[in-house]
Amino acid sequence: MYKSWWKIMGSVLVIYTTIGGLLLGVPRLAILNETIRNLYFHVPMWFGMLTLFSISVWYSIKYLLSTNQTDDLKAVESVNVGIVFSLLGLVTGSIWAKFTWGQYWSFDVKQNFTAIAILLYFAYLVLRNSIDEEQKRAKISAIYNIFAFPMMVVLIMVLPRLQDSLHPGNGGNPGFNSYDLDSRMRAVLYPAFLGWSIIGYWIYTIRFRIRSLEIKDNS
Amino acid sequence: MQFANEVKYLLYKEILLEWRSKYAINGMLLYVVSTIFVCFISFVTMENKITWNALFWIIMLFAAINGVSKSFLQESKGRQLYSYIIASPAAIILAKTIYNILMMVILTTIALGVYIIVFSYSPSDFLLFYIAVILGSLSFSTIFTMVSAIATKAGNGGMLMAVLSFPLIIPVLIVLIKLSKNAIDGLDRSVSLDEIGILLLINVMTVTASLILFPYLWKD
Amino acid sequence: MKKIIIAFLLWINSVSVFAQDNGIEMADTLRSNGKIYVVVVCIVIILAGLLGYLFSLDRRLKKLEKK
């Protein structure tokens, strides 16, 4: 965790995708115009969120097996950072929607479902706040986290595919794969997923370190 | 075999206790029927079938939250200790879930009958609608049973129950409403296979997750 | 005071009338140049969000260091 080669890698990837995302060629599409470049910035936020929530579930499982308090801390802190990423994804998404679909909130299934998924994690935080006893709080919230995670996956990965959506790849709309020149976009998009996930992980480790210092300080 | 016996015994005990007082089922029935009457009095006729559908599921949702959350919240400490001694935690959650499923199926069937009679409208593909209702009571029971166990252990009853269960139940509700809308429109049944599959998948997922997680929740 | 407010309101009113005269050309700056500025806004939001988050973390760390 304290080595820094992966932090440099993440930064390089993010810088590369920012420059490449703004300068490299993209398909010419009506309505979308240049905003298609938002794909390199908006979608990686969701990817970062998913990475962080997966880390959180992983540590919740570990907590149930080990009842080690640091595992619980890791689970909470990654949820906290994941929520920041999800909010950023929601805001950038709604701005993009305003200038392509016409409204900030277009009642698109994916928008609605991700909002519900965020509620799920707010419920997790509310649950944590409602219990005072430390061990009990860690255990119960870990159980709720694991119980809720598959539901969130269904919510944002499976359900939108059943319904019509303005997002590409859902319902009747073609996926980005069907646009030509996709290999050119992939060269930026996949590094962006990786880069932003690493940045999210980095922020989470910082939060975790601060939190464990605080706890050491208080005890 | 021991596990099956434990489940059977616990289930028998639940049903026996309910049968003696008939408090939960009567209370829920009264709640559902009076809500339907209130809706009828305020709407009188309902031209819009989408409203008809949505209203039904909203009534069912609140009945389920009230009814199923009782399963753990209203259990005395002594009874919890008793079942803790005689059975394994997985058996307890399974018995509770099955009991809730039975109760919800009976309740929703009666409620659907009353609803259809009061509004004098029946969906064009009744069998499919009934399948949706059965699947609905199945998913409500499996999800709410586990969430009520979590809320009870957190020791902050009703309020927490609503906060924790709504985000979990909304995806199920969306699929249910879509499925029952297909039934109302009388679409070909092959169209609805996706939704039925997803609902079954969600139920299998929740039951497995409850069976694995509940033992951790149960031991103090 | 009242007069000033009324004058101000009238002035605002006249400005909006002028704006309507311009018509057609709407407040569309974000839509010009192939909407590239929408992308800029999104990048700025992400950066501002993450930087703001870093600042709040920094404050927490400072509190710790002071102890």
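What are the residues in segment B:179-204 that are away from chain A (no Cβ under 14 Å) and either touching a strand residue (DSSP E or B) at 6+ places or on another chain (Cβ under 6 Å) or hydroxyl-bearing (Ser, Thr, Tyr) (or both), if any?
Hits for segment B:179-204 are B:180, B:190.
Only one residue in A:95, A:83, A:131 is at the interface with chain B (Cβ under 10 Å from one of its Cβ atoms) and among the hydrophobic types (A, V, I, L, M, F, W, C). Which one? Full working, then the answer.
On the way: A:95 fails: at the interface with chain B (Cβ under 10 Å from one of its Cβ atoms); A:83 fails: at the interface with chain B (Cβ under 10 Å from one of its Cβ atoms).
Answer to the check: A:131.
Suppose the filter is of a type in the set (Ser, Thr, Tyr), more than 11 Å from chain A (Cβ to nearest Cβ) and within 20 Å of residue B:102 (Cα to Cα); does residue B:141 pass it? Let's see the steps before the verdict.
Values: of a type in the set (Ser, Thr, Tyr): yes; more than 11 Å from chain A (Cβ to nearest Cβ): yes; within 20 Å of residue B:102 (Cα to Cα): yes.
The answer is yes for residue B:141.
If I filter segment B:52-73 for residues that are of a type outside the set (A, V, I, L, M, F, W, C) and without any contact (Cβ under 8 Å) to a residue 24 or more places away in the chain, do I get at least one hit? Full working, then the answer.
Residues of segment B:52-73 of a type outside the set (A, V, I, L, M, F, W, C): B:53, B:66-67, B:69-71.
With the extra rule that they be without any contact (Cβ under 8 Å) to a residue 24 or more places away in the chain, the set shrinks to none.
No, segment B:52-73 contains no residue that is of a type outside the set (A, V, I, L, M, F, W, C) and without any contact (Cβ under 8 Å) to a residue 24 or more places away in the chain.
Results for (1) open to solvent by less than 60 Å² (accessible area, probe 1.4 Å); (2) among the charged types (D, E, K, R), shown as yes or no for each residue.
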{"residue": "A:18", "(1), (2)": "yes, no"}
{"residue": "A:22", "(1), (2)": "no, no"}
{"residue": "A:29", "(1), (2)": "yes, no"}
{"residue": "A:32", "(1), (2)": "yes, no"}
{"residue": "A:37", "(1), (2)": "yes, yes"}
{"residue": "A:41", "(1), (2)": "yes, no"}
{"residue": "A:50", "(1), (2)": "yes, no"}
{"residue": "A:58", "(1), (2)": "no, no"}
{"residue": "A:61", "(1), (2)": "no, no"}
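Consider residue A:177 against the criteria (1) open to solvent by 20 Å² or more (accessible area, probe 1.4 Å); (2) at pLDDT 80 or above: it satisfies all of them except one. Which criterion is unmet?
Residue A:177 satisfies all of (1) open to solvent by 20 Å² or more (accessible area, probe 1.4 Å); (2) at pLDDT 80 or above except (2).
Could you please find all residues in segment B:192-208 being under 11 Å from residue B:90 (Cα atoms) and either touching a Pro at 6+ places or on another chain (Cβ under 6 Å) or crowded, with 17+ Cβ neighbours inside 10 Å (or both)? Spell out how you get there, then give the answer.
So the first thing to find is which residues in segment B:192-208 are under 11 Å from residue B:90 (Cα atoms), and the list is B:207-208.
The one that is under 11 Å from residue B:90 (Cα atoms) and either touching a Pro at 6+ places or on another chain (Cβ under 6 Å) or crowded, with 17+ Cβ neighbours inside 10 Å (or both): B:207.
Failed condition for residue A:125, given (1) in a helix (DSSP H, G or I); (2) more than 15 Å from the chain's Cα centre (by Cα); (3) at the interface with chain B (Cβ under 10 Å from one of its Cβ atoms), with all others met?
(3)
Is it the case that segment B:74-89 has a residue that's closer than 25 Å to residue B:169 by Cβ and open to solvent by 60 Å² or more (accessible area, probe 1.4 Å)?
Checked against the condition, which is being closer than 25 Å to residue B:169 by Cβ and open to solvent by 60 Å² or more (accessible area, probe 1.4 Å), segment B:74-89 yields at least one hit.
List, please: which pairs have Cβ atoms under 9 Å, are six or more places apart or on different chains, and start with a residue in segment A:172-196 that is at negative phi and hydroxyl-bearing (Ser, Thr, Tyr) and end with one that is open to solvent by less than 60 Å² (accessible area, probe 1.4 Å) and at pLDDT below 75?
Short answer, once both residue conditions are applied: A:178/A:168; A:178/A:169; A:179/A:27; A:179/A:29; A:179/A:168.
Which residues, counting only those in segment B:156-174, are open to solvent by less than 20 Å² (accessible area, probe 1.4 Å), under 16 Å from the mean Cα position of the chain (by Cα) and within 7 Å of another protein chain (Cβ to nearest Cβ)?
Going residue by residue through segment B:156-174, those that are open to solvent by less than 20 Å² (accessible area, probe 1.4 Å) are B:160-161, B:164-165, B:167-169, B:171-172.
Next cut, under 16 Å from the mean Cα position of the chain (by Cα) only: B:161, B:164-165, B:167-169, B:171-172.
Selection gives B:164, B:167, B:168, B:171.
The values are calculated or read from the model by the stated rules, or taken from the named source; none is laboratory data. These numbers come from a predicted model, not from an experiment. With ideal geometry, Cβ positions are generated from the backbone for all residues, glycine too; neighbour counts draw on all protein chains shown. In case anyone asks, the SASA skips ligands and DNA or RNA and just uses the protein heavy atoms, side chains included. Shrake-Rupley method; radii C 1.70, N 1.55, O 1.52, S 1.80 Å.
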